[in-house]
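Q: What follows is a structure written as structure tokens; I'll ask about it next.
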Ligand code: ADP
């Protein structure tokens with residue numbers, strides 16, 4: 001590169017001497033050809049330097065940055081050759097590495113939060129059980145009624161612990177993708193009709209309102225694990241019972257088809273969820289009113305489990321809510337390409 005000005009000077013001197021001291025024609029032509037080849041070589045080298053050597057050295061600098069663990073590196077360029085494509089691929093790779101790094105950081109933070117939540121949620125009922133047991137042992141509960149009352153609190157807390165451990169166990173298995181899904185191809189209308197009849201019966205027994213409409217014109221098929229889908233629906237309907245009014249609870253369910261999905265809409269009249277909290281209800285351990293919901297066997301895992309179960313089927317769950325009116329949960333499951341049931345029995349969910 002340093003030689004280039006010298007080289008340029010020599011060419012100028014040659015041109016000058018050709019004009020100043022003209023010799024034979026042949027020699028002039030030869031000189032001319034020589035000078036032209038030199039000029040061409042000079043231009044070619046400049047082109048190579050701009051289009052190849054410089055981009056490669058920038059690429060090399062980028063690779064060094066990646067090796068140092070700096071994934072924020074991005075090579076700006078306007079080269080439109082193979083090296084340019086290589087730089088684009090490099091930028092793409094660096095962006096992916098950065099994404100992975102962010103995901104890993106989030107995962108690590110989630111893991112820490114999860115351990116803190118589990119420890120807290122296990123500790124609370126255990127402390128309560130311990131406290132009430134000590135009270136009974138120390139004779140604080142003087143009357144048999146008081147003792148029975150304390151024992152009931154102990155029983156409630158053990159039930160809660162049991163539920164929490166079950167949910168945690170299922171969640172851990174879902175996380176490690178160790179939940180076995182027994183997929184079957186079944187007519188969704190017939191499956192839902194049976195399921196909703198069960199819920200309708202349960203609601204009637206409790207004195208609540210329940211209404212189900214099937215708006216599907218034909219009975220399409222779904223590939224799904226009926227027990228797992230039942231569990232997801234049960235978690236959502238169970239929430240309406242848990243968080244709804246003691247009297248006057250009403251549930252409207254509707255089955256319909258939309259863009260290749262079968263949708264089950266569950267609308268309740270439970271006092272709604274505040275708009276700022278709505279996006280968080282599917283997060284693990286998220287409870288709107290942690291203190292109040294403890295009495296209701298709330299682990300904060302029900303909706304996140306439902307979401308994981310439905311997503312494992314290639315579907316999704318959405319929720320809308322209006323304070324004072326109620327909430328609407330929609331489960332969407334992709335329709336099957338198959339038109340034949342694999343199993344005749346579909347009533348046993
Ligand atoms: P849990 O298993 O403890 O019920 P979820 O994950 O199912 O936890 O629900 C998370 C939170 O969302 C609950 O704390 C509850 O406050 C709120 N929630 C869930 N469903 C409803 C509903 N239908 N109406 C109002 N709030 C609800």
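The values are calculated or read from the model by the stated rules, or taken from the named source; none is laboratory data. Small disclaimer: the values here were computed from a predicted structure and weren't measured. Glycine also receives a Cβ, built like all others from the backbone with ideal geometry; neighbour counts cover every protein chain displayed.
Q: Does residue 113 meet the test of being modelled with pLDDT under 85, in a helix (DSSP H, G or I) and surrounded by fewer than 16 Cβ atoms within 10 Å (Cβ to Cβ)?
A: Working: modelled with pLDDT under 85: yes; in a helix (DSSP H, G or I): yes; surrounded by fewer than 16 Cβ atoms within 10 Å (Cβ to Cβ): yes.
Against the criterion (modelled with pLDDT under 85, in a helix (DSSP H, G or I) and surrounded by fewer than 16 Cβ atoms within 10 Å (Cβ to Cβ)), residue 113 qualifies.
Yes/no matrix, rows are residues, columns are (1) touching a residue at least 60 places away in the same chain (Cβ under 8 Å); (2) over 30 Å from residue 285 (Cα atoms); (3) outside any helix (DSSP H, G or I):
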| residue | (1), (2), (3) |
| --- | --- |
| 95 | no, yes, no |
| 105 | no, no, no |
| 109 | no, no, no |
| 121 | yes, no, no |
| 125 | no, no, no |
| 131 | no, no, no |
| 134 | no, no, no |
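Q: Please indicate, with yes or no, whether at least one residue in the stretch 236-245 is farther than 20 Å from residue 186 by Cβ, out of contact with any helix residue (DSSP H, G or I) (no Cβ under 6 Å at 6 or more places or on another chain), touching a residue at least 40 places away in the same chain (Cβ under 8 Å) and away from the ligand (no atom under 16 Å from the Cβ).
A: no
Q: Mind checking which residues of the stretch 136-175 are on the phi < 0 side of the Ramachandran plot and in a loop (DSSP other than H, G, I, E, B)? Outline the logic, then answer.
A: Quick first cut of the stretch 136-175, residues on the phi < 0 side of the Ramachandran plot only: 136-138, 140-175.
Correct list: 138, 140, 141, 142, 143.
Q: While we're looking at this one, here's another question. In the stretch 248-266, is there at least one residue being surrounded by fewer than 17 Cβ atoms within 10 Å (Cβ to Cβ), closer than 25 Å to residue 170 by Cβ and either at pLDDT 95 or above or more than 9 Å from the ligand (Cβ to nearest atom) (or both)?
A: Within the stretch 248-266, none of the residues are surrounded by fewer than 17 Cβ atoms within 10 Å (Cβ to Cβ), closer than 25 Å to residue 170 by Cβ and either at pLDDT 95 or above or more than 9 Å from the ligand (Cβ to nearest atom) (or both).
Q: Is it the case that residue 289 is at negative phi, near the ligand (Cβ under 8 Å from one of its atoms) and loosely packed, with under 15 Cβ neighbours inside 10 Å?
A: Yes: the conditions hold for residue 289.
Q: Among the numbered conditions (1) more than 11 Å from the ligand (Cβ to nearest atom); (2) surrounded by 15 or more Cβ atoms within 10 Å (Cβ to Cβ); (3) at pLDDT 90 or above, tell me where residue 341 comes up short.
A: (3)
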